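A.B. asks: Below is one structure. I have some questions about it.
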Amino acid sequence: MAAQTPDILPRPDFHFAGEVGRTYKDSDPATFPQPVQPPEGAPNIVLILLDDVGFGQFETYGGGVPSPTMDRLAKEGLRYNYFHTTALCSPTRAALITGRNHHSTSFAGITELATGYDGYCCILPRNCGTVSEVLRQNGYMTAWVGKNHNTPTWETSAAGPFDRWANGLGFDYFYGFNAGDMNHWNPLLFENHNLVPASDDPDYHLTEDLADRAITWMRNVKSIAPDKPFFLYVAPGATHAPHQAPQEWIDKFKGKFDMGWDAYREQTIERQKKLGVVPKDTELTVRSKGLPAWDTLNADQKRLYARMMEVFAAYGAQVDAAMGRVVDAVKELPDADNTIIIYIAGDNGSSAEGGIEGSLCENLFFNGVIEKWEDNIKAIDELGGPKHFNHFPSAWAHAMNTPFQWTKQVASHFGGTRNPMIISWPKRIKEKGGLRSQFIHTIDIVPTLYEVCGVSAPSVINGIPQKPIEGVSFAATFDSGNAESKRKTQYFELAVNRGLYHEGWMASCPSFVPWDPNRDENWDPDKAPWELYKLDEDFSQANDLAAKYPDKLRELQDLWWVEAAKYNVLPLDWRGTIRMNAEAMGRPSLVGDRTKATYYEGQIALPDAACLPMLNKSWTITAAIEVFDDKAEGMVVTHGGLEGGYGLYLREGKPVFVYNFLSQSRPTFSADKALPKGRHTLVVDFKYDGGGMGKGGTITLLSDGAKIAEGRMEKTVPIQFSLGEGLDVGMDTGSPIDFTYQMPFKFTGRVEEVTVEIKPEKAPVAGQAAAAREPAPAK
């Protein structure tokens, strides 16, 4: 469709073009400015993006997880088997909505890893306008439902600013969460800028809620304005950790993965060949270095890991079914045939962040803590439920990425970057069930949408000159499987995993294994080995040709550096978990240089990035409260939730302080006597041992100046309390800090104020290179 839209947005303000006399009687008839009309024939767009999905995960691409929605769309549309992401979520999502490479959009990593370099600060530049903003200003209705991981962490509080929330990025409506992952039983959600009250439905699950909201929005706006097209971006949290699914879904998969990950890979590639999603001569790559063979495990390990996979499969099957309900709602629209559905199964490959032995709490990974299967098997019957933030072992992630090497994070190899994509558009796509094998990258989605919608990429948006779109349209593939593959070159980089595609060749340079969050600061990127693959002969990157064609490898290596300089990839940064620590990285903070903050009852869901940094130092919490009888109950103040944090509450009138060490242990300090009716001052004083990160210290609990409990904590959280939960006063939102109370555990007395004071050591962490070292792995 030929572009019909302005080069500069927004359009000029209205100006009456007729004659204006002294009064309306001697003036030309008034005319109103008319609403912007979309290009003629512009289609509706539904863009579905699942999370942490492998190429060989779902049945539509030969995997073992049922995907009837993908099957249905593939039968009426096209499957793509050369579509690529960036190997990580925030980067892929920034590229997806802007049409620029992830470093060009300042998203070299997730927002929680931001550093102060052009390609790494995770502040979406205003010269990278979003597809939603362009479509909105060209007559589209726009909505984003689900995960938003593209707002800087320090801008996610109620104090804003809100211009980089979803609403500020061109989406008229938003319902979802501002984080990398979310508890699916007890989520913290926002509707536009407002915190959503917790559901009282005992069967609540986030996946179903997001589908419901997407359907409701679509039906509502089409009822109001049936002739206007819409752009609906649906981004569920599944299948990112936590792997949480209803029991009835989990039960469907009992025993179905007892064969283990090695046999799964062998079975999957045979199914892929039969389906045609991989060439007949595709080789199954070797098990990635460091992953155990299934037959080396003992019986208990196999039982635990098979169960973890059953939970994961349930989680994935459920989300595909929920997306099916969204598709059903689309098919009921009068203009269903003129609706493009782009279903991308994953913002990267399947995740190995559960570690070699699997995990009960993903936040352990981001704090550099290693788990043991002997501990995790004790919770085997609770997996998928509300008590755990569980994640399956790395070798299952590798199996989900069949036939490729590696996993999420490893941008050098297709196990990290090759994702299924299905496109349905009945009005345009006439070849039903076709397969497309053109090399396509996430950045190519936006220019494709612009072309088919009749929209030109503006050179100026809201007064800001725009970077050129870096993607290229693949709309020609809608009409012909023989269409030219327009993308000739594409760089890849994520955590110094590097790759370069050029005219059918792929140079690959992996760095660190993705299941170990700790990094060697003395690692040298110039000494990392490179591999070379010829993709038209080697779909899966199974045969390294680096030794056979050293000149070709050198050509691609040199070209990688050219592309890296062009797109803000430099400087390379291989630091690991330490980058999760905002204080150590010197990221912006609403806290500033303050060492004391006072909060009041009703302050809830204050994001971690807006709170005082309490880790690796001494601190004091002082709470002024009033109790109306000696049986007072409820939360006074809490920070974090299931994955880590602390809580100060009253139970049967007795003050209790609990410290959640990443769900592994919960040291609890309780008073022996209930507080009498009246006003009281509770103090929790923590004296840190010092000597590095994650060390222990002494806790003292006082009431009205008198000591009521004390003890030691031998270890503390080193990097971050929680992945998505913050501070609450007077109640508990999100997930509980322990399992001794029922949410929301609203305080039955009155919290007058809570003051948190931190006591940094003389040498502050922020901005000091010497402090930017990895924490020692905790056992």
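Condition check ((1) part of a helix (DSSP H, G or I); (2) over 27 Å from Met506 (Cβ atoms); (3) open to solvent by less than 40 Å² (accessible area, probe 1.4 Å); (4) in contact (Cβ under 8 Å) with a residue 60 or more places away in the chain) across all residues:
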| position | (1), (2), (3), (4) |
| --- | --- |
| Gly18 | no, yes, yes, no |
| Gly21 | no, yes, yes, no |
| Phe32 | no, yes, no, no |
| Ala94 | yes, no, yes, no |
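A.B. asks: Shifting gears a bit: As an exercise: evaluate Val754 against (1) out of contact with any Asp or Glu (no Cβ under 8 Å at 6 or more places or on another chain); (2) at pLDDT below 95 and give the number of the one condition it does not meet.
C.D. replies: Val754 satisfies all of (1) out of contact with any Asp or Glu (no Cβ under 8 Å at 6 or more places or on another chain); (2) at pLDDT below 95 except (2).
A.B. asks: Further, regarding this structure: Kindly provide the set of residues from the range 660-682 that are surrounded by fewer than 18 Cβ atoms within 10 Å (Cβ to Cβ) and either within 25 Å of Pro242 (Cα to Cα) or of a type in the set (Ser, Thr, Tyr) (or both), ordered by number.
C.D. replies: Residues satisfying the conditions are Gln664, Ser665, Arg666, Thr668, Ser670, Thr681.
A.B. asks: May I pose another question? Pick from the range 459-479 the residues that are farther than 26 Å from Val569 by Cβ and either at pLDDT below 95 or not charged (D, E, K, R) (or both): which of them is surrounded by the fewest Cβ atoms within 10 Å (Cβ to Cβ)?
C.D. replies: Gly463
A.B. asks: Any idea which residue in the range 298-319 is farthest from Val65 (Cα to Cα), counting only those that are open to solvent by 20 Å² or more (accessible area, probe 1.4 Å) and either in contact with a strand residue (DSSP E or B) (Cβ under 9 Å, 6 or more places away or on another chain) or in contact (Cβ under 8 Å) with a residue 60 or more places away in the chain (or both)?
C.D. replies: Within the range 298-319, the match that is farthest from Val65 (Cα to Cα) is Asp300.
A.B. asks: Also: Looking only at the range 335-385, which residues are surrounded by fewer than 23 Cβ atoms within 10 Å (Cβ to Cβ), part of a helix (DSSP H, G or I) and charged (D, E, K, R)?
C.D. replies: Passing the criteria: Asp337, Glu374, Asp375, Lys378, Asp381, Glu382.
A.B. asks: In addition: So which residues in the range 521-541 are surrounded by fewer than 18 Cβ atoms within 10 Å (Cβ to Cβ) and in contact (Cβ under 8 Å) with a residue 12 or more places away in the chain?
C.D. replies: Glu521, Trp523, Pro525, Ala528, Pro529, Lys534, Leu535, Asp536
Per-residue answers, yes or no, for (1) under 30 Å from Glu374 (Cβ atoms); (2) of a type in the set (A, V, I, L, M, F, W, C):
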position: Ile604; (1), (2): no, yes
position: Leu615; (1), (2): yes, yes
position: Thr622; (1), (2): no, no
position: Phe628; (1), (2): no, yes
position: Met635; (1), (2): no, yes
position: Glu652; (1), (2): no, no
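A.B. asks: I'd like to know if the range 722-732 contains one or more residues that are surrounded by 14 or more Cβ atoms within 10 Å (Cβ to Cβ) and touching a His at 6+ places or on another chain (Cβ under 6 Å).
C.D. replies: Yes, the conditions are met somewhere in the range 722-732.
A.B. asks: Same structure again: If you scan the range 405-414, which residues turn out to be touching a helix residue (DSSP H, G or I) at 6+ places or on another chain (Cβ under 7 Å) and either free of Cβ contacts under 8 Å to residues at least 40 places away in the same chain or open to solvent by less than 10 Å² (accessible area, probe 1.4 Å) (or both)?
C.D. replies: Thr407, Lys408, Val410, Ala411, listed by residue number.
A.B. asks: Let me ask you something else. For the range 597-629, what are the residues that are among the β-branched types (Val, Ile, Thr) and more than 25 Å from the chain's Cα centre (by Cα)?
C.D. replies: Thr598, Thr620, Ile621, Thr622, Ile625, Val627
A.B. asks: In addition: Can you confirm whether Ile123 is touching a Cys at 6+ places or on another chain (Cβ under 9 Å), open to solvent by 10 Å² or more (accessible area, probe 1.4 Å) and hydrophobic (A, V, I, L, M, F, W, C)?
C.D. replies: Considered against the rule, which asks whether it is touching a Cys at 6+ places or on another chain (Cβ under 9 Å), open to solvent by 10 Å² or more (accessible area, probe 1.4 Å) and hydrophobic (A, V, I, L, M, F, W, C), Ile123 comes out as no.
A.B. asks: Restricting attention to the range 480-494, which residues are assigned to a loop (DSSP other than H, G, I, E, B) and open to solvent by less than 30 Å² (accessible area, probe 1.4 Å)?
C.D. replies: Ala483, Arg487
A.B. asks: So Trp249 passes all but one of these: (1) without any contact (Cβ under 8 Å) to a residue 40 or more places away in the chain; (2) within 27 Å of Met400 (Cβ to Cβ); (3) open to solvent by 10 Å² or more (accessible area, probe 1.4 Å). Which condition number does it fail?
C.D. replies: (1)
A.B. asks: Okay, moving on. Looking only at strands (runs of 3 or more DSSP E) that lie completely in the range 569-659, which have at least 3 residues being small (Gly, Ala, Ser)?
C.D. replies: Numbers: elements: 596-599, 618-627, 634-641, 644-651.
Here the list reads 618-627, 634-641, 644-651.
A.B. asks: Leu232 versus (1) within 30 Å of Ser456 (Cα to Cα); (2) without any contact (Cβ under 8 Å) to a residue 40 or more places away in the chain; (3) surrounded by 24 or more Cβ atoms within 10 Å (Cβ to Cβ); (4) not polar (S, T, N, Q): which is the lone unmet condition?
C.D. replies: Going through the list (1) within 30 Å of Ser456 (Cα to Cα); (2) without any contact (Cβ under 8 Å) to a residue 40 or more places away in the chain; (3) surrounded by 24 or more Cβ atoms within 10 Å (Cβ to Cβ); (4) not polar (S, T, N, Q), Leu232 breaks only (2).
A.B. asks: Need the failing condition index for Ala546 against (1) surrounded by 14 or more Cβ atoms within 10 Å (Cβ to Cβ); (2) out of contact with any helix residue (DSSP H, G or I) (no Cβ under 8 Å at 6 or more places or on another chain), just the number.
C.D. replies: Evaluating Ala546 over (1) surrounded by 14 or more Cβ atoms within 10 Å (Cβ to Cβ); (2) out of contact with any helix residue (DSSP H, G or I) (no Cβ under 8 Å at 6 or more places or on another chain) leaves (2) as the failure.
A.B. asks: Answer yes or no as to whether Thr115 is of a type in the set (Val, Ile, Thr) and surrounded by 24 or more Cβ atoms within 10 Å (Cβ to Cβ).
C.D. replies: Values: of a type in the set (Val, Ile, Thr): yes; surrounded by 24 or more Cβ atoms within 10 Å (Cβ to Cβ): no.
So Thr115 fails the test.
A.B. asks: Continuing with the same structure: Among the residues in the range 574-592, are any open to solvent by 40 Å² or more (accessible area, probe 1.4 Å) and of a type in the set (Ser, Thr, Tyr)?
C.D. replies: Yes: the range 574-592 contains one or more residues that are open to solvent by 40 Å² or more (accessible area, probe 1.4 Å) and of a type in the set (Ser, Thr, Tyr).
A.B. asks: Those residues that are open to solvent by 20 Å² or more (accessible area, probe 1.4 Å) and touching a residue at least 60 places away in the same chain (Cβ under 8 Å), I need them from the range 189-211; list them, please.
C.D. replies: Result: Leu195, Ala198, Glu208.
Yes or no, residue by residue, for (1) within 30 Å of Asp13 (Cβ to Cβ); (2) open to solvent by less than 20 Å² (accessible area, probe 1.4 Å):
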position	(1), (2)
Ser104	no, yes
Ala108	no, yes
Asn167	yes, no
Asp172	yes, no
Tyr175	no, yes
Asn183	no, yes
Asn186	no, no
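A.B. asks: Would you call Ala42 farther than 30 Å from Gly415 by Cβ and at pLDDT below 95?
C.D. replies: Answer is no for this residue.
A.B. asks: Do you know which residues across the range 284-297 are out of contact with any His (no Cβ under 9 Å at 6 or more places or on another chain) and open to solvent by less than 90 Å² (accessible area, probe 1.4 Å)?
C.D. replies: From the range 284-297, those out of contact with any His (no Cβ under 9 Å at 6 or more places or on another chain) are 284, 286, 289-290, 292-297; that's our starting set.
Leu284, Gly290, Pro292, Ala293, Trp294, Leu297, listed by residue number.
A.B. asks: For the range 626-655, how many residues are surrounded by 18 or more Cβ atoms within 10 Å (Cβ to Cβ) and either without any contact (Cβ under 8 Å) to a residue 60 or more places away in the chain or more than 17 Å from Tyr741 (Cβ to Cβ) (or both)?
C.D. replies: Of the residues in that region, 6 qualify.
A.B. asks: Just checking, which of Thr448, Thr402 is open to solvent by less than 10 Å² (accessible area, probe 1.4 Å), outside any helix (DSSP H, G or I) and over 29 Å from Met693 (Cβ atoms)?
C.D. replies: Matching residue, one of Thr448, Thr402: Thr402.
The values are calculated or read from the model by the stated rules, or taken from the named source; none is laboratory data. For clarity, every value in this text was computed on a predicted model and none was experimentally measured. Positions of Cβ are generated from backbone atoms using ideal geometry, with glycine treated the same way; all protein chains shown enter the neighbour counts. Heads up: the accessible areas ignore ligands, DNA and RNA and are worked out on the full protein's heavy atoms, side chains in. Shrake-Rupley method; radii C 1.70, N 1.55, O 1.52, S 1.80 Å.
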